[in-house]
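The values are calculated or read from the model by the stated rules, or taken from the named source; none is laboratory data. It should be emphasised that the depicted structure is a prediction, and the values quoted were computed from it without experimental measurement. Here the Cβ positions follow ideal geometry from the backbone for every residue, glycine too, while neighbour counts run over all protein chains shown. Calculation scope for accessible area: heavy atoms of the full protein, side chains included, ligands and nucleic acids excluded. Shrake-Rupley method; radii C 1.70, N 1.55, O 1.52, S 1.80 Å.
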Amino acid sequence: MPMLPEKFLSELLNRHVNTESFPATSDIKKLFTKIVLTLFPEQARKQIVQHDDLQLVFESIENGLESLLHDMADKLADTPQNITSRYMERIPGIYQLLLTDVEAMVNGDPAATTDYEVIRTYPGFYALAFYRLAHGLYAENVPLIPRILTEYAHSKTGIDIHPGAQIGQYFFMDHGTGIVIGETCVIGERVKLYQGVTLGALSVDKTMASTKRHPSIADGVVIYSGATILGGDTIVGANSIIGGNVWLTRSVAPNTKIYHQENQKIIQE
């Protein structure tokens, strides 16, 4: 093997020496996949049949999370033990939210026949499971791990949800591929998105990092495939319908329909 340049080796060694330790991505994926499989045995190959065994699984999850957080304790706003304890208390609520999402998918998609089918096969459910678990950590100000989780789901499903987004119950992503939901999005209850929808920012200027950059979507809104809705001041009013391929950068009133017809944007309020 030819000798590599000394300058290159020195720069790379310096990078290794000065890179802070962090839990392995594989360990993070493994732990949270275990949580998903425990909450939804429809995705698992083996089911738990004893109460005590289920308790032991959750104890192992708790120990695993605390261990991960210990590896990054200097980056946390609280102790690993306290964060882990509060997070475990969040899990029943996360589970209940996901059950509402499953219900929305079964009721909202004519092709869906059972809860089992949705949980086992729908990419929208998989992406939401990891998003809702990641959002719980995001709420505890845990750095990076929430992004690792949602990017893992993104790689599996093609659905990109930032863990900071706020998403209400009974949320349904039909087909899902290509959906992008930004960090400061606020989405109400019983919202339905189709594939290729972008809820994004008008600008990617770094000075806007701490501001609301992404739209708010009120209860009962349906957004069809390919629509793009941008801007932190943009609010889509309750029960509105945004048609396919609409480009929207301003707020619309409740019960508004916006769609394209013969190369024109039609607004019905």
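Tabulated results
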quantity: Residues located in segment 188-209, provided they are within 18 Å of residue 122 (Cβ to Cβ) and not polar (S, T, N, Q); calculated: 190, 191, 192, 193, 194, 196, 197
quantity: Residues located in segment 116-148, provided they are within 24 Å of residue 81 (Cβ to Cβ) and not in a helix (DSSP H, G or I); calculated: 140, 141, 142, 143, 144
quantity: Qualifying helices (runs of 4 or more DSSP H) (wholly inside segment 1-94; at least 3 residues being surrounded by 12 or more Cβ atoms within 10 Å (Cβ to Cβ)); calculated: 25-39, 51-70
quantity: Test for residue 189: is it of a type in the set (D, E, K, R), modelled with pLDDT of 95 or more, open to solvent by 30 Å² or more (accessible area, probe 1.4 Å) and not in a helix (DSSP H, G or I); calculated: yes
quantity: Condition check for residue 266: at pLDDT below 95, of a type in the set (A, V, I, L, M, F, W, C) and farther than 18 Å from residue 180 by Cβ; calculated: yes
